[in-house]
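The values are calculated or read from the model by the stated rules, or taken from the named source; none is laboratory data. Computed from a predicted structure; not experimentally measured. No Cβ is skipped: glycine too gets one built from the backbone with ideal geometry, and neighbour counts run over all protein chains shown.
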């Protein structure tokens, strides 16, 4: 099974810290444990969106977005869709 983890900044920079065990693997929400079990795991980081598009998404979708989800996340994921397919 292919599993993609989307992180909102700073995680990919910390991946080297896992080798030295200076941070816990839980910081990656199980991605490395799933890879050890034989799953294909891809880690992607959401790039901050243009403030204009993020603002448009916040205005249009704020009432239906899950808690802690912003227009930045929606635009960032939309930019990754081509890679994810």
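Odds and ends about this structure:
- For the stretch 26-48, a residue qualifies if it is in a strand (DSSP E or B) and at pLDDT 90 or above, and the qualifying residues are 40, 41.
- Of all residues in the stretch 54-70 being within 15 Å of the chain's Cα centre (by Cα) and surrounded by 12 or more Cβ atoms within 10 Å (Cβ to Cβ), the one that is farthest from residue 25 (Cα to Cα): 70
- For the residues 40, 12, 20, the requirement of being loosely packed, with under 15 Cβ neighbours inside 10 Å, closer than 20 Å to residue 85 by Cα and not assigned by TED's automatic domain parsing to the domain that holds residue 85 singles out 40.
- Some residue of the stretch 11-25 being at pLDDT below 80, under 12 Å from the mean Cα position of the chain (by Cα) and not in a strand (DSSP E or B): yes
- For residue 51, the stated conditions hold: it is over 16 Å from the mean Cα position of the chain (by Cα), loosely packed, with under 13 Cβ neighbours inside 10 Å and modelled with pLDDT of 75 or more.
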